[in-house]
Amino acid sequence: MAADCAIGIHDLSFATTEFVLPHTALAEHNGTEIGKYHVGIGQRSMSVPGADEDIVTMGAAAAEPIIARHGRGRIRTVVFATESSIDQAKSAGVYVHSLLGLPSATRVVELKQACYGATAALQFAVGLVLRDPAQQVLVVASDISKYDLESPGEATQGAAAVAMLVCSDPALVRIEEPSGLFTSDVMDFWRPNYRDAALVDGEGSITAYLQAVESSWKDYTEQGGRSLDEFTAFCYHQPYTKMAYKAHRHLLNTCAYDTDEARISRAVEPTTAYNMVIGNSYTASTYLGLASLLDRADDLPGRPIGFLSYGSGSVAEFFAGTVVPGYREHLRTPAHHEAIGRRRPLDYAAYRELHERSFPTDGGDHPTPSQTTGPYRLAALRGHKRVYERC
Ligand code: COA
């Protein structure tokens, strides 16, 4: 039986972008039958950052309500997970630490392993709290998924940040031991330092993901984890929501269970509402799945949920969390709906202009157009330095 360490997610908040591109606009531009997007990959729209938004502005916007509710006093560590890093040396977390006014007596670091980074951050946070249960760790997962225009990956872009406060006696989800782990050196998705947009072997990434599901589950059971029947729902990494269904079907097959579509849907559908309209948010995606599940399902108290975090390249982890009784009083459902509902729709031409935008690399003073109505903005690139401001 899995041990309950009574450390986990105390609060969870997400933010996304100023703009949204409906898949209907993309389909109209490239002549794709809309069923491929709506049904084939399970996506309706994707968040598009304004010229003055990036992983820092989204991350700070996601974390701000957590600081407002719980204060700064017990946070001793900030872990910022991303694969759309803005600097090769400085952690994006240091900008967020500054924007949020966190105390200087804080350790801040950035973590990367494709879409798996947030899970590494969460597990490291649990370890830090285990060492000193008086401390809290702020985990921020923030990413902008970007593929080349006119490439197959274009339909699976998106952007969001999820902030989670990790501490002892959490109000939302207790993270359990053990974890099932899997690492394999594959080239299914990657982004060389000289490229803005990721490269992906679409079919290869599906195969690699499914292999990781199977292998991390195998390790989870070998480590003494729960049986499949015990789980009420499964939060999978969702590069597009259809992938979560494929993953769960594969897990059921691996365990020689009936792959009844209604059973798959019950386990996965409640986790897909936010990813379906935000698009791929890389590291944040598994935890947007959790946000969707907590905000939508009402039968969760005391129930175990499975997490399958996959990061191309590849690293995966399967672990369990138990939903804490009374969790509904601590949710941010209206704010989450507001974050999605407030986005302004773009037409294809406006989206394309934002997609092609990049800062000159001459070290000059390059102010950004004022577009975001969010709480933080990237005001300029000045002397090779990003300049942020509170709006
Ligand atoms: N109605 C319903 N379904 C349709 C359809 C239609 N008119 N046309 C196509 N489809 C289905 C296909 O059958 C397929 O379903 P399946 O996967 O269950 O077989 C699905 O839509 C996608 O079609 P496909 O031809 O495979 O699309 P594609 O070549 O454009 O590639 C992705 C799709 C998802 C592979 C591509 O967008 C991609 O690589 N995205 C990036 C994924 C990623 O981030 N991976 C790394 C992290 S895990």
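The values are calculated or read from the model by the stated rules, or taken from the named source; none is laboratory data. Worth saying up front: this structure is predicted, and the values here are computed from it rather than measured. Cβ coordinates were reconstructed from backbone atoms using ideal geometry, including for glycine residues, and neighbour counts include every protein chain displayed. All accessible areas refer to the heavy atoms of the entire protein, side chains included, with ligands and DNA or RNA removed. Shrake-Rupley method; radii C 1.70, N 1.55, O 1.52, S 1.80 Å.
Brief remarks follow.
- Residues whose amide H falls under 5 Å from that of residue 177, counting only those 5 or more places apart or on a different chain, are 3, 5, with hydrogens built in the peptide plane.
- Extension gain, residue 262 back to residue 132 (0.36 nm per residue minus Cα-Cα distance, nm): 42.4 nm
- The chain: most fluctuating residue of 351, 282, 236 per GNM, C-alpha cutoff 10 Å: 351
- The phi torsions of the stretch 197-208, fed into the Karplus equation with coefficients 6.51, -1.76 and 1.60 and a -60° offset, translate into couplings of 9, 6, 10, 8, 9, x, 5, x, 6, 5, 4, 5 Hz, rounded to whole numbers, with Gly and Pro shown as x.
- Convex hull (Cα only) mean projected area of the stretch 54-154, reported in nm² to one decimal: 7.0
- Label-point gap, in nm, between residue 30 and residue 391 - each point 7 angstrom along Cα→Cβ: 2.9
- Across the stretch 250-261, computed HN-Hα scalar couplings (Karplus, 6.51 cos²θ - 1.76 cosθ + 1.60, θ = phi - 60°) run 5, 5, 4, 4, 4, 8, 6, 9, 5, 9, 5, 4 Hz from first to last residue, x flagging Gly and Pro.
- Spherically averaged projected area in nm², based on the convex hull that wraps the Cα atoms of the stretch 264-391: 11.3
- Given 12 as the ceiling on other Cβ atoms within 10 Å, longest exposed-site-free region of the chain for GluC sites (Glu not before Pro) in DSSP loops: 151-391
- A 1.4 Å probe run over the stretch 3-390, with the rest of the protein chains in place, finds 39 Å² accessible per residue.
- Computed 3J(HN,Hα) for the stretch 66-81, one whole-Hz value per residue from the Karplus formula 6.51 cos²θ - 1.76 cosθ + 1.60 where θ = phi - 60°, is 5, 5, 4, 7, 10, x, 9, x, 9, 7, 10, 9, 10, 10, 10, 9, glycine and proline marked x.
- The stretch 105-228 - Rg over Rh from alpha carbon coordinates, Kirkwood radius: 1.01
- Of all DSSP-defined beta bridges confined to the chain, some 75% are antiparallel rather than parallel.
- Within the listed set 234, 19, 80, the Gaussian network model of the chain (springs between alpha-carbon atoms below 10 Å) gives the highest mean-square fluctuation for 19.
- Start at zero, step by 20 Å, and the Cα-Cα distances of the stretch 3-390 spread as 30, 60, 9, 0 percent across the bins.
- Against the criterion of solvent-accessible heavy-atom surface with a 1.4 angstrom probe, 368, 361 sort, most first, into 361, 368.
- For the listed residue pairs 112/146; 112/218; 90/385; 36/242; 90/112, the alpha carbons are over 19 angstrom apart in 112/218.
- Between 288, 138, 252, the residue with the greatest mean-square fluctuation in the GNM of the chain (Cα pairs under 10 Å linked by springs) is 252.
- Computed over the stretch 99-152, the range of Cα coordinates on each principal axis works out to 50, 25, 11 Å, biggest value leading.
- Heavy-atom accessible area order for 327, 116, largest first, 1.4 Å probe: 116, 327
- Distance histogram for the stretch 1-121 (every C-alpha pair counted, 10 angstrom bins, percent rounded to whole numbers): 11, 32, 30, 18, 8, 1
- Extension reserve of the residue 254-residue 228 stretch, reckoned as 0.36 nm per residue once the Cα distance is removed: 8.3 nm
- Surface composition of the stretch 3-390: carbon plus sulfur atoms contribute 51% of the solvent-accessible area (1.4 Å probe, protein chains only, all chains present).
- When the alpha carbon gyration tensor of the stretch 159-209 is reduced to an equivalent ellipsoid, its three semi-axes come out at 31, 18, 10 angstrom, largest first.
- Net charge, residue 114 excluded, C-beta distance under 11 Å - Lys, Arg +1, Asp, Glu -1: -1
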